[in-house]
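The values are calculated or read from the model by the stated rules, or taken from the named source; none is laboratory data. Everything numeric in this text was worked out from a predicted model, so none of it was measured. Cβ: placed from backbone, ideal geometry, glycine included. Neighbour counts: every protein chain shown. These area figures cover heavy atoms from the full protein model, side chains too; ligands, DNA and RNA do not enter into them. Shrake-Rupley method; radii C 1.70, N 1.55, O 1.52, S 1.80 Å.
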Amino acid sequence: YQLAPSGYDSTYQTFTVAGKVSGPVVRDKAWFIVSYEHARSLIANTGIDVPRDYDAHYVLAKLTVQPSSEHRLTTFLQLDPTVIDNLSQSSTNVLPEAQNRQAQGGYVNQVRWQWFLSPKANLDTAFVHQKSYIEVNSVPCTHDQASGYHPCEPGEAEGNVDWENPGRLGSYGAYDTVNYPYITFDDRFRYQASSKLSIVDIDTGKFGTHDIGMGVE
């Protein structure tokens, strides 16, 4: 497919494709589910040279294995890498080489073990590893002149990011030129471990039934 900007006209174009597959790996022993979605949109205000270009991929995968009635293992993975080009859509005085790219997303990975000690007792243990990130810099250059995006200089490699030349911010009607002036790298990590023991329907006679739960995280 092709989504392309339309000059100085106001632009709003979206494209989404998604799919999901699930089922058994081993009958009555292992199951899986995998889903994927690609979302793309181009949004430009009137008078802006290039549109805000949003390109995201959402991936989810889960595998459940139950080798016996007492044990169940589950692994889960979710990814959402996203790139947004030409974020500056509030001013008409930003040249394509001064536009910025924001890359964002991360992943969540979980491993879970459920131990069914008896019909009334269950030990549930899980470990989660998560990363999220945001990176902001100039839009990589391109030799595709038709796109209108940051043009490469003669002899400059396709997709190059200029880390050296500072951008120039215009004022009183002047244009932002040369390069995007800010660089941001922000990575965040989270680790979580938990274990919980649950005992249900404990018969205490005249006091009725009770549930007990205890755990650590």
Signed unit charges on C-beta, dipole axis of segment 46-88, positive-most listed residue I48, L87, L63: L63
Phi to ³J(HN,Hα) by Karplus 6.51 cos²θ - 1.76 cosθ + 1.60 over segment 94-102, Hz, x for Gly, Pro: 10, 6, x, 6, 9, 6, 10, 10, 10
Residues K20 and K120, FRET efficiency given R0 of 35 Å [Cβ-Cβ distance, rounded to 0.05]: 0.50
Debye, to nearest 20: dipole size of the chain, +1 on Lys, Arg Cβ, -1 on Asp, Glu Cβ: 1260 debye
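Suppose every K and R has +1 on its Cβ and every D and E has -1 on its Cβ; what is the size of the dipole of segment 122-206 about the Cα centre, in Debye to the nearest 20?
Value, rounded to 20: 580 debye.
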Residue-normalised accessible area of segment 41-156, given per residue in Å² at a 1.4 Å probe: 48 Å²
Selection from Y172, N109, H210 lying farthest towards where the dipole of the chain points positive, charges on Cβ: H210
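As a test of understanding, state the convex hull volume per residue of segment 104-182 from its alpha carbons, in Å³.
Working: hull volume 15.4 nm³, N = 79.
In segment 104-182, the Cα convex hull volume per residue is 195 Å³.
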Euclidean distance between Cα centres, segment 26-50 to segment 66-97, Å: 9 Å
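May I ask you to give the average projected area over all directions of the convex hull of the Cα atoms of segment 51-203, in nm² rounded to one decimal? Provide the component values of the computation, followed by the final result.
Working: hull surface 57.1 nm².
Result: a mean projected hull area of 14.3 nm².
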Candidate aspartates and glutamates for bridging to K120, where Cα separation is under 19 Å - those fewer than 8 sequence places away on the same chain excluded: E70, D201, D203, D211
Rough spin-label spacing in nm, given labels placed 7 Å along Cα→Cβ, for K206 and S35: 5.2 nm
Backbone HN-Hα couplings from phi across segment 211-217 [Karplus 6.51/-1.76/1.60, Hz, Gly and Pro as x]: 10, 10, x, 8, x, 9, 9
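Using a simple charge model, +1 on the beta-carbon of Lys and Arg, -1 on the beta-carbon of Asp and Glu, nothing else, what dipole does segment 11-93 show about its Cα centre, in debye to the nearest 20?
Details: 7 positive and 8 negative charges, 89 e Å.
Charge dipole, segment 11-93, about its Cα centre: 420 debye, nearest 20.
Counting only protein heavy atoms and using a 1.4 Å probe, what share of the accessible area of the chain belongs to carbon plus sulfur, as a whole percent?
Working: 7420 of 13540 Å².
Result for the chain: 55 percent of the exposed heavy-atom area is carbon or sulfur.
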C-alpha center-to-center spacing [segment 142-166, segment 170-184] in angstrom: 16 Å
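DSSP loop (so not H, G, I, E, B), at most 15 other Cβ within 10 Å: list which GluC sites (Glu not before Pro) in segment 127-188 pass both filters. Mind showing how you got there, number by number?
On the way: sites: E135, E156, E158, E164; in loops: E156, E158, E164.
Filter output for segment 127-188: E156, E158, E164.
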Estimated vicinal HN-Hα couplings, Hz - segment 165-170 in sequence order (Karplus 6.51, -1.76, 1.60; Gly, Pro = x): 7, x, x, 10, 8, x
